[in-house]
Amino acid sequence: VELGVGVIGTGNIGTDHVQRLSGQISGAAVRAVFDVDAQRAGAVARSVGAVAAASAQDVIDDSSVEAVIVAAPGPVHAELTLACIAAGKPVLCEKPLAPTAQQSRQVVSAEVAHGSRLVQVGFMRRYDEGYRLLKQSVDAGIGEVLLAHCVHRNASAPATFTSEMLLTDSVIHEIDTMRWLLGDELTAATVLVPKSSPVVPAGLRDPQLVLFETARGAIVDVEMFVNCQYGYDVRCEVVGSQATAALELPVTGWVARSGARRYVVAADWLVRFAGAYREELQGWVNAARSGTAAGPSAWDGYAATAVAEACVRSLASGRRMEIALDEQPALYR
Ligand code: ISE
């Protein structure tokens, strides 16, 4: 039988998950959806034969819903995830797990009290084929990891995007990816801000350059630029003492015309990481069918939020900020 799924939040990523669940994923069916925009939720529900619920809690309480996707805005992620844990239902929570490390830590505590994993955080890059190959290379041995260089560019950001969101919404992907890829913790963060691009809204600090120090002594730099204009571009190179490994850019194809070969750049993350989202969701469904969760955990969500918080403090103060995580509960070891 199919896993009954409820989806809270039918914005871009929520709607995308609903469509993926009904077309590309096996073993699951969307039963109920909710969004503060009732019209939008109604349309999405109708498109897959699900009910449009009257509230987020109604989705969680629906007896045909066995597992929940939280794709509402970031500030309500933690409370909705806590409600899913209280109901004992597996939950895929989009990143970030919460706006603050303290709220993320509450989710961790609730899951630990529940006694087994229910939460997966939507860090989809771990499921990207390119990043997986890169991890294989790093794990196979490139000597001691000394440096990593990351580039994360969006063509443009919505008008509501703030200087802090470059860190909490965007760099948070590099934070999770680096912890996972290097098997190392980020222990200090320094945010450097060049002059802002003249095309961004007044007051927005874009781009930013973040320097992370790791527990094992490596340094990671991240260029974050959410209004680069030309497309979606994510790069990563890990420099080891014996070898250097890099992410191969995905094949979006090229066009040859008038004596020139033109490579196509993905428009956004839904295009660039389409395969990763598919793998992420199938993995989540498979685990949820056994009443559990796999992949990036609430602990990873907490760690990423704590590091992002240090970045925000560095942006405000201009200083290097150290990061100390709580002790990791046995559930996540
Ligand atoms: C967005 O929320 C994402 O998750 C994308 O992966 C990232 O590239 C973008 O900067 C974020 O705003």
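The values are calculated or read from the model by the stated rules, or taken from the named source; none is laboratory data. Source: prediction; values computed, not measured. Backbone-built Cβ (ideal geometry, glycine too); neighbour counts: all protein chains shown. Ligands, DNA and RNA are stripped out before the accessible areas are found, and what is left, the full protein with its side chains, is counted by its heavy atoms. Shrake-Rupley method; radii C 1.70, N 1.55, O 1.52, S 1.80 Å.
Return the only residue of V312, V285, V307 being modelled with pLDDT of 95 or more, aliphatic (A, V, I, L, M) and more than 26 Å from Y232 (Cα to Cα).
Working: V312 fails: more than 26 Å from Y232 (Cα to Cα); V307 fails: more than 26 Å from Y232 (Cα to Cα).
Testing whether each residue is modelled with pLDDT of 95 or more, aliphatic (A, V, I, L, M) and more than 26 Å from Y232 (Cα to Cα) leaves just V285.
Counting just the residues of the range 162-185 that are part of a loop (DSSP other than H, G, I, E, B) and over 30 Å from E144 (Cβ atoms), which one comes out least open to solvent (accessible area, probe 1.4 Å)?
Taking the range 162-185 first, the residues part of a loop (DSSP other than H, G, I, E, B) are 162-164, 183-185.
Filter once more, keeping what is over 30 Å from E144 (Cβ atoms): 162-164.
Details: T162: 55, S163: 14, E164: 82 Å².
Among them, the one singled out is S163.
Can you name the residue in the range 76-133 that is assigned to a loop (DSSP other than H, G, I, E, B) and among the acidic types (D, E) and, of all such residues, is farthest from the chain's Cα centre (by Cα)? Give the steps one after another, and end with the answer.
Initial filter on the range 76-133 (assigned to a loop (DSSP other than H, G, I, E, B)): 87-90, 94-100, 115-118, 122-123, 128.
Those still in the list that are among the acidic types (D, E) too: 94, 128.
Numbers: E94: 6, D128: 12 Å.
So the residue we want is D128.
Among the candidates A188, A155, A148, single out the residue that is within 10 Å of V226 (Cα to Cα), modelled with pLDDT of 95 or more and not basic (K, R).
Values: A188 fails: within 10 Å of V226 (Cα to Cα); A148 fails: within 10 Å of V226 (Cα to Cα).
That would be A155, the only listed residue that is within 10 Å of V226 (Cα to Cα), modelled with pLDDT of 95 or more and not basic (K, R).
Only one residue in A215, A202, A188, A159 is away from the ligand (no atom under 12 Å from the Cβ), open to solvent by 40 Å² or more (accessible area, probe 1.4 Å) and closer than 30 Å to E327 by Cβ, so which one is that? Even if it seems obvious, please write down each step before you answer.
Numbers: A202 fails: closer than 30 Å to E327 by Cβ; A188 fails: open to solvent by 40 Å² or more (accessible area, probe 1.4 Å); A159 fails: closer than 30 Å to E327 by Cβ.
A215 is the lone residue from the list that is away from the ligand (no atom under 12 Å from the Cβ), open to solvent by 40 Å² or more (accessible area, probe 1.4 Å) and closer than 30 Å to E327 by Cβ.
Among the residues of the range 162-182 satisfying the criterion of being near the ligand (Cβ under 10 Å from one of its atoms) and β-branched (V, I, T), which is farthest from S196 (Cα to Cα)?
I172
Sort out which residues of the range 51-62 are assigned to a loop (DSSP other than H, G, I, E, B), of a type outside the set (S, T, Y) and surrounded by fewer than 22 Cβ atoms within 10 Å (Cβ to Cβ), and write them in order of number. Quick ask: steps written out before the conclusion?
Just the residues of the range 51-62 that are assigned to a loop (DSSP other than H, G, I, E, B), to begin with: 53-55, 62.
Now drop any that are not of a type outside the set (S, T, Y), which leaves 53-54, 62.
Answer for the range 51-62, where residues must be assigned to a loop (DSSP other than H, G, I, E, B), of a type outside the set (S, T, Y) and surrounded by fewer than 22 Cβ atoms within 10 Å (Cβ to Cβ): A54, D62.
Going by what's in this entry, would V91 be described as touching a residue at least 60 places away in the same chain (Cβ under 8 Å) and of a type in the set (V, I, T)? Write out each step before concluding.
Details: touching a residue at least 60 places away in the same chain (Cβ under 8 Å): yes; of a type in the set (V, I, T): yes.
Yes, satisfied.
Looking at the range 287-299, which of its residues are surrounded by fewer than 24 Cβ atoms within 10 Å (Cβ to Cβ) and under 15 Å from V30 (Cα atoms)?
Selection gives R289 alone.
Can you tell me which of (1) in contact with a helix residue (DSSP H, G or I) (Cβ under 8 Å, 6 or more places away or on another chain); (2) closer than 30 Å to E185 by Cβ is the one A266 doesn't meet?
Exception for A266: condition (2).
What number of residues within the range 123-156 are more than 22 Å from A267 (Cα to Cα), open to solvent by less than 80 Å² (accessible area, probe 1.4 Å) and of a type in the set (S, T, N, Q)?
1
Out of V65, V48, report the one residue that is open to solvent by less than 10 Å² (accessible area, probe 1.4 Å), at pLDDT 95 or above and away from the ligand (no atom under 16 Å from the Cβ). It would help to see each step written out before you state the result.
Working: V48 fails: open to solvent by less than 10 Å² (accessible area, probe 1.4 Å).
Being open to solvent by less than 10 Å² (accessible area, probe 1.4 Å), at pLDDT 95 or above and away from the ligand (no atom under 16 Å from the Cβ) holds for just one of V65, V48, which is V65.
Would it be correct to say that Y277 is modelled with pLDDT of 95 or more, surrounded by fewer than 13 Cβ atoms within 10 Å (Cβ to Cβ), within 16 Å of the ligand (Cβ to nearest atom) and of a type outside the set (S, T, N, Q)?
On the way: modelled with pLDDT of 95 or more: yes; surrounded by fewer than 13 Cβ atoms within 10 Å (Cβ to Cβ): no; within 16 Å of the ligand (Cβ to nearest atom): yes; of a type outside the set (S, T, N, Q): yes.
Considered against the rule, which asks whether it is modelled with pLDDT of 95 or more, surrounded by fewer than 13 Cβ atoms within 10 Å (Cβ to Cβ), within 16 Å of the ligand (Cβ to nearest atom) and of a type outside the set (S, T, N, Q), Y277 comes out as no.
Taking into account only those residues within the range 33-45 that are of a type outside the set (V, I, T) and in contact with a Ser or Thr (Cβ under 7 Å, 6 or more places away or on another chain), which is surrounded by the fewest Cβ atoms within 10 Å (Cβ to Cβ)? Working first, answer last.
Taking the range 33-45 first, the residues of a type outside the set (V, I, T) are 34-35, 37-43, 45.
Retained after the next criterion (residues that are in contact with a Ser or Thr (Cβ under 7 Å, 6 or more places away or on another chain)): 34-35, 40-41.
Values: F34: 27, D35: 24, R40: 17, A41: 26.
Taking the candidates together, the pick is R40.
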